[in-house]
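The values are calculated or read from the model by the stated rules, or taken from the named source; none is laboratory data. On a predicted model such as this, the values are computed, not experimentally measured, just so you know. Cβ placement follows ideal geometry from the backbone for every residue including glycine, while neighbour counts extend to all protein chains displayed.
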Amino acid sequence: QSVLTQPPSVSAASGQKVTISCSGSSSNIGNDYVSWYQQVPGTAPKLLIYDNSKRPSGIPERFSGSRSGSSATLDISGLQAGDEADYYCETWDTSLNFYVFGSGTKVTVL
Amino acid sequence: QVQLVQSGAEVKKPGASVKLSCKTSGFTFTMSYLHWVRQAPGQGLEYMGMANPINGDTNYAQKFYGRVRMTTDTSTSTVYMELRSLTSKDTAVYFCAREPAVGAKYFDFWGQGALVTVSS
């Protein structure tokens, strides 16, 4: 069972926006930066967001992240067919003393 | 360009050990931490631990204490992960990943993954 809780799935029509939540506690999200990864099945994860809201070069502005208290959010606007994938949040847990991943959210474009 | 190239798929019997490699290039090996993450079939990502190439220090997730060993070879810019006493629950794809700088706390480049199958 993951320390960080995400909804199993979210969906929206092409061009719309989806929001993925990541709920943790004061020992993880409430105490450190959050990163987000996109994983197309059968491939390695890809970094989308780091330090809560920063995008690596090459990641479109359609992807945005934020953190408030012990929760974090990933927004994907202008949804495209190519955005269908699994999305994971990640952060450091000060109680466990290692990194933790969210349970993962499958995004479906209707 | 930054690359992490992992060794190939392995099939092991229960009780055996597996040692995976992850050869890196395109960056200064000793200025990054190298991590291992695994993913069981149909499951999410599970963090295993990390190795510091400068001094060989490691930090493992508690679940793997006593069963995992991560090492680095600075002469070939390669990180290794050995997992012992394998069971069917260790069947997974194993990824190496780079933390771009000490304290960055995110993984910007990943290996392609290596499937380890544990079966009698």
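What to note about this one:
- Filtered residues of region B:87-117 (kept if of a type in the set (Val, Ile, Thr) and at pLDDT below 95): B:VAL102
- Scan of region B:36-51 for residues that are touching an Asp or Glu at 6+ places or on another chain (Cβ under 9 Å), more than 9 Å from chain A (Cβ to nearest Cβ) and assigned to a loop (DSSP other than H, G, I, E, B), ordered by number: B:ALA40
- Reported count of residues in region B:77-105, each being within 14 Å of another protein chain (Cβ to nearest Cβ), crowded, with 17+ Cβ neighbours inside 10 Å and closer than 17 Å to B:PRO53 by Cα, is 6.
- Taking the numbered list (1) exposed (fewer than 14 other Cβ atoms within 10 Å of the Cβ); (2) free of Cβ contacts under 8 Å to residues at least 40 places away in the same chain in turn, B:THR74 passes all entries but (2).
- Applying the criterion of being surrounded by fewer than 20 Cβ atoms within 10 Å (Cβ to Cβ) and assigned to a loop (DSSP other than H, G, I, E, B) to the residues of region A:72-82, the residue that is farthest from the other protein chains (Cβ to nearest Cβ) is A:GLY78.
Table: residues versus (1) within 12 Å of chain B (Cβ to nearest Cβ); (2) over 24 Å from B:GLY103 (Cβ atoms); (3) surrounded by fewer than 19 Cβ atoms within 10 Å (Cβ to Cβ).
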position	(1), (2), (3)
A:ASN52	yes, no, yes
A:GLY58	yes, no, yes
A:SER70	no, no, yes
A:GLU84	no, yes, yes
A:GLU90	yes, no, no
A:THR105	yes, yes, no
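- Every condition in (1) in contact with a Cys (Cβ under 7 Å, 6 or more places away or on another chain); (2) without any contact (Cβ under 8 Å) to a residue 40 or more places away in the chain; (3) not hydrophobic (A, V, I, L, M, F, W, C) is met by A:SER68 except one, and the failing one is (1).
- Count of region A:10-50 residues which are polar (S, T, N, Q) and within 11 Å of chain B (Cβ to nearest Cβ): 3
- Meets criteria (on the phi < 0 side of the Ramachandran plot, among the basic types (Lys, Arg), crowded, with 20+ Cβ neighbours inside 10 Å and in contact with a strand residue (DSSP E or B) (Cβ under 7 Å, 6 or more places away or on another chain)) for B:ARG38: yes
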